[in-house]
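Since the structure comes first, as structure tokens, the remarks are kept for the end.
Just so it is clear, none of the values below were taken in a lab; they were calculated from the coordinates. For clarity, every value in this text was computed on a predicted model and none was experimentally measured. So basically every Cβ, Gly included, is an ideal-geometry build from the backbone, and we count neighbours across all protein chains shown.
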Amino acid sequence: MTKEINRNHLFDPKGSDDVEARTIIKGATTGLFNLNATKYPWAKSLYQVMIGNFWVPEKISGLKDDARMFRADLSEEEQKGYKGILSFLIFLDSIQTVNLPHFSDYITSPEVNLILSIQAYQEAIHSQSYATILESVVESKERDEIYYFWRTDAVLLERNKYIGQIYEDFIDNPTDETFFRGIVANFLLESVYFYNGFAFFDTLVDRMKMLATGRMIAYIRRDELTHITIFANIIREIKKEFPEIYNEKMILEMMKLAVDQEIAWGKHILGNRIPGINSEMTSDYTHWLANNRLAMLNIGPLYPNAVSNPYKHLDRLQDPNSDKGNFFETTVVNYTQSSSMNGSWDF
């Protein structure tokens, strides 16, 4: 697993774009984006969904109401959770925006390169969204405190350093092992690290608090689901095409560490004084989520006893027959440029 992995050539006249010869990595294409010949149908499907999900934060109304509510209606513990979780989400989307092209350089499928480019764009939109939230909701003197919360919070600093170091290891030393570890880290970042933060905002929305922030987070979560699916598919293709690189033991070890980190962070930033959230629920939810994500990779549960989501209000918020579900999801469901993308990349 220490074999060096080579970057794609920008242009290789000797390369082949034949679908039969194409592989997810280590291929030898010409470098041409020939999107009329694709090997991975899941990439085409994701392209259509991701383009259809286009949104911009300027379209979200109600942040002025959130600013009033933040000062008047949130408890001190809720304000701490709001600011601390935003700080972590800002870091995650920042590092993804910059880092995704480093991994795309080693993907030898133009259709997958294409959706990774869209993902990087969406991560930048998420960063803009957090900036919009901060500009609208919190006092200007608090913004740098939130952006750089990791400077004074040791738990957050360790989380950020851990994620960043995995990516740096690959950039500095691109081998089969560091590449696969980085791909797994991408999957865990998208599928686990965001989600206790999302659950916090959903819990506020369930109590009719910070509704505009909740709508913004709902758009972001919708994007993240496609990002999770991208990396789950990449990992499955590597397992199929390069079994010597695939390492299930590594996936399980990294998932276990991600779960432990996420639980520790949730307990640290949220504690037990926020209605609807406590340490036991944080643990149970993260264990359930980990099993759900591993199932996407066709791997059995790491936590056999975690069989249901303890946050029942998350299902209620997303239930189209629920009044709160309708309120919370209406904009998210309807605010798309197109529902079918008819005529786009149609082959």
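Across the options I166, V155, Q79, the greatest Cα extent toward the positive end of the charge dipole of the chain (unit charges at beta carbon of Lys, Arg, Asp, Glu) belongs to Q79.
Remark: spin-label model distance N298-K59 equals 3.7 nm, labels positioned 7 Å along the Cα→Cβ axis. Put the Cα centre of the range 209-235 next to the Cα centre of the range 1-74 and the gap is 14 Å.
Ordered by the count of other Cβ atoms within 10 Å of each Cβ, fewest first, S127, S87 give S127, S87.
Rounded to the nearest 500, the helix-only mean residue ellipticity at 222 nm of the chain stands at -21500 deg cm²/dmol, with each DSSP H run of n ≥ 4 adding -39,500 (n - 2.57). State the answer as a single residue: which of V205, V19, M296 lies farthest towards the positive end of the charge dipole of the chain, with beta carbon charges of +1 for Lys and Arg and -1 for Asp and Glu, about the Cα centre. The residue sitting most towards the positive pole is V205. Which length gain, in nm to one decimal place, applies between K44 and Y121 when the Cα-Cα distance is subtracted from 0.36 nm times their residue separation? This chain segment gains 26.0 nm when fully extended. Taking other C-beta atoms within 10 angstrom as a stand-in for reagent exposure, R207, R22, R215, R236 fall in the order R207, R236, R22, R215, fewest first. With R₀ fixed at 41 Å, the C-beta to C-beta distance from S75 to N305 puts the FRET efficiency at about 0.80. Within 12 Å, Cβ to Cβ, of I269, how many net charges do the neighbouring residues add up to if Lys/Arg are +1 and Asp/Glu are -1? Around I269, the surrounding residues sum to +1.
The order of R316, R68, going from fewest to most other C-beta atoms within 10 Å of their C-beta, is R68, R316. Note that the range 60-75 has calculated 3J(HN,Hα) couplings of 8, 9, x, 5, 5, 5, 5, 4, 5, 5, 4, 7, 9, 10, 7, 5 Hz, one per residue in order, obtained from phi through the Karplus relation 6.51 cos²θ - 1.76 cosθ + 1.60 (θ = phi - 60°); glycine and proline are x. Within the shell defined by Cβ-Cβ distances under 14 Å, the residues around T132 carry a net charge of 0, with Lys and Arg each +1 and Asp and Glu each -1.
Our estimate of slack between K3 and L252, defined as 0.36 nm per intervening residue step minus the Cα-Cα distance, is 87.4 nm. Please tell me which of these pairs span more than 23 angstrom C-alpha to C-alpha: K161/K267; K44/K249; K209/K312; K239/K312? Correct reply: K44/K249; K239/K312. Other residues whose C-beta falls under 14 angstrom from the C-beta of P310 contribute a net charge of -3, scoring Lys and Arg +1 and Asp and Glu -1. Close amide-amide hydrogen proximity is noted between I25 and T108, each under 5 Å apart and 5 or more residues distant or on a separate chain (H modeled in the peptide plane; Pro and chain starts excluded).
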